[in-house]
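Notes follow the structure.
None of the figures in this text is laboratory data; all of them are computed from the coordinates on show. These numbers were taken from a predicted model, which means no experiment stands behind them. Cβ coordinates were reconstructed from backbone atoms using ideal geometry, including for glycine residues, and neighbour counts include every protein chain displayed.
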Amino acid sequence: MSTYQSQSGNSSSHLDLEADVLVIGGGPSATWAAWSAANQGAKVILVDKGYCGTSGATAPSGTGVWYVPPDPQQREAAMASREALGGYLSERPWMERVLDQTYTNLNKLSDWGYPFPVDDEGRPHRRSLQQAHDYLRLMRKKITKAGVKILDHSPALELLVDTEGAVAGAKGICRQTGDRWTVKAKAVVIATGGCAFLSKALGCNVLTGDGYLMAAEAGAEMSGMEFSNAYALSPAFSSVTKGAYYRWATFYYEDGTEIEGAGSQRGRSIIARTLLTQPVYARLDKATPEIQAMLRTVQHNFFLPFNRLGIDPFTQYFPITLRLEGTVRGTGGIRIVDENCATSVPGLYAAGDAATRELICGGFTGGGSHNAAWATSSGYWSGEAAAKYAQQLGIKANHRAVRGIGTAAVNNGSSDRTFNPSEVIKAVQAEVFPYDRNLFRTEKGLTESLGRLHDLWKEVRSSETVDTTQAVQAREAVAMVATARWMYSSALERKETRGMHKHLDYPEQDSNQYHRLLSGGLDQVWVKPQKLATTKQRELVAL
């Protein structure tokens, strides 16, 4: 332990640690990465912004998962089911790998004691991880038993790199004490989740794009950031975003008239358009008494806000809204360059929602399912690869000269400028929350928003924070500005409608734009196409 003097004048401890692999994050992909790396014999440290096992989108929600038995017909149907919906940007080899690894990992999870539900004949139903608190509690137990050191409530603020530009660890802060920490590591896995812009969607309060920012500062690229405008149905008085429950809902105007064409899956755009001018109400009146009983036992937290207000959602109208979940239920994220989930930066890996999911679902996904399968698979691969990379570097790697590479809102004494993080966050939200700007996109709207976002970046770029108590919020604000700029720059470049990207000026899918869009840069954002060459996908697009 060493001691430093904070800006407020108080003395504080500085924790200095070393590891083979540092995992940043605490959800499913992070815990699978930590377990996989430790299983390779690596010394692993995991740092989480919250409490590992309870923070993030999965823990309070539960989820379905893309688990398909190794039957050729079932696998073919599973892969084909969403290819058109995702704009044919997914790749069959990656889908096959994820299906294989997810099948293996969930069977392993069962062996470890996860209580999968069973059918009337006692067969386990492994397409459901509804008891997510048990899932992540079990994962925390497994990684602790494997020797992983966990730093809870200890968000990373910036990465470290060596003289060659390879990632060599990270710096961060302990939120409960204000103490700073540094972890020198031979490899780093970013598993920090996506970005929901603090929209109050359930479990998304820690998902602010921090991993994107840190990766970009190291030189990594993003991919698919135009597919980042996922909105989830929620009661207007609640943060609970359980879209599956609205399969049994009818949607109404304030006078009780049914909204024609409105629906939870197809017809969500109709709900959004109506919300632009007036309230929308729902009632789960399509659920039979048997289904009602089942729904009440599956997800208790869905009903908690209704119970507090004395509302029966099956018989009474309740106001609903759409909360932005951004890249959490979108598909964009850090670009990975090989089957090990490596980024283009040596020593840096990405997993889960922090990484692009275009490889398995193209330009469209939703809550759970493919994302949940990707989390367990990419976590497993990235942790294993990071451990092997660390082994190759050898014992002297943590004695490298390293430096922090944070570009904004890091207290390194390089600037006397400050900004108000809360005001910056509100300014970003004003650009990304509105349906008529983000869900229904136009060149005019995107261009205007980008202009304001670029100005925001200039404001925060060379600024620090007033004191250490604002360090985390300030970096969150900077990450949200950066994320929104990659999103809208990519959306402006894709002059068509594909996947969840709806461009009102270009309402049709354009076969000439059958490519991915890579993006990156901080002071100057860039976007460029990446060709897809898989024969199977080209055949599908031609049909």
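A few remarks follow.
- All aspartates and glutamates inside 14 Å of Lys528 as judged from Cα atoms, apart from same-chain residues fewer than 8 positions distant: Glu221, Glu226, Glu493
- The amide H of Cys174, built 1.01 Å from its N in the peptide plane, has Asp179, Arg180, Trp181 as neighbours under 5 Å, considering only residues 5 or more places off or on other chains.
- At 1.306 mPa s and 10 °C, Stokes diffusion of region 231-323 via Kirkwood alpha-carbon radius, µm² per second: 120
- Whole-Hz Karplus values for region 501-517 come out as 7, 9, 10, 5, 6, 9, x, 10, 7, 10, 5, 6, 10, 7, 7, 8, 10 Hz, taken residue by residue from phi with 6.51 cos²θ - 1.76 cosθ + 1.60 and θ = phi - 60°; glycine and proline positions read x.
- Per-residue 3J(HN,Hα) values for region 155-171, derived from phi via the Karplus relation 6.51 cos²θ - 1.76 cosθ + 1.60 with θ = phi - 60°, read x, 6, 10, 7, 7, 10, 10, 8, 5, 8, x, 6, 5, 9, x, 7, 10 Hz in sequence order (x marks Gly and Pro).
- Angle between the chain longest axis and helix 300-309 axis [Cα atoms, degrees, rounded to 10]: 70
- Modelled FRET efficiency - R0 41 Å, Thr315 with Asp523, Cβ distances, 0.05 increments: 0.15
- Förster-model FRET efficiency, 22 Å R0, Ala84 and Glu443, C-beta, rounded to 0.05: 0.30
- Antiparallel %, DSSP beta bridges [both residues in the chain], to 5: 65
- Spin-label model, Gln74/Thr177: points 7 Å from Cα along the beta carbon direction are separated by 4.9 nm.
- FRET efficiency, 1/(1 + (r/R0)^6) with R0 51 Å, evaluated for His133 and Glu96 via beta carbons: 0.95
- In terms of the mean number of neighbouring beta-carbon atoms within 10 Å, the peptides 153-165, 507-519, 116-128, 43-55 order highest first as 43-55, 153-165, 507-519, 116-128.
- Cα long-axis angle, helix 370-393 against the chain (0 to 90 degrees, to the nearest 10): 20
- Here the chain yields Rg over Rh of 0.96, to two decimals, using C-alpha coordinates and the Kirkwood radius.
- Of the cross-linked pairs Lys108/Lys141; Lys200/Lys426; Lys186/Lys396; Lys49/Lys396, those separated by over 19 Å at the C-alpha level are Lys49/Lys396.
- Using alpha-carbon coordinates, inclination of helix 289-298 to the longest axis of the chain, degrees: 0
- Taking θ as phi - 60° and the Karplus parameters 6.51, -1.76 and 1.60, the scalar couplings of region 351-358 work out to 8, x, 5, 5, 9, 5, 10, 4 Hz in sequence order, x denoting glycine and proline.
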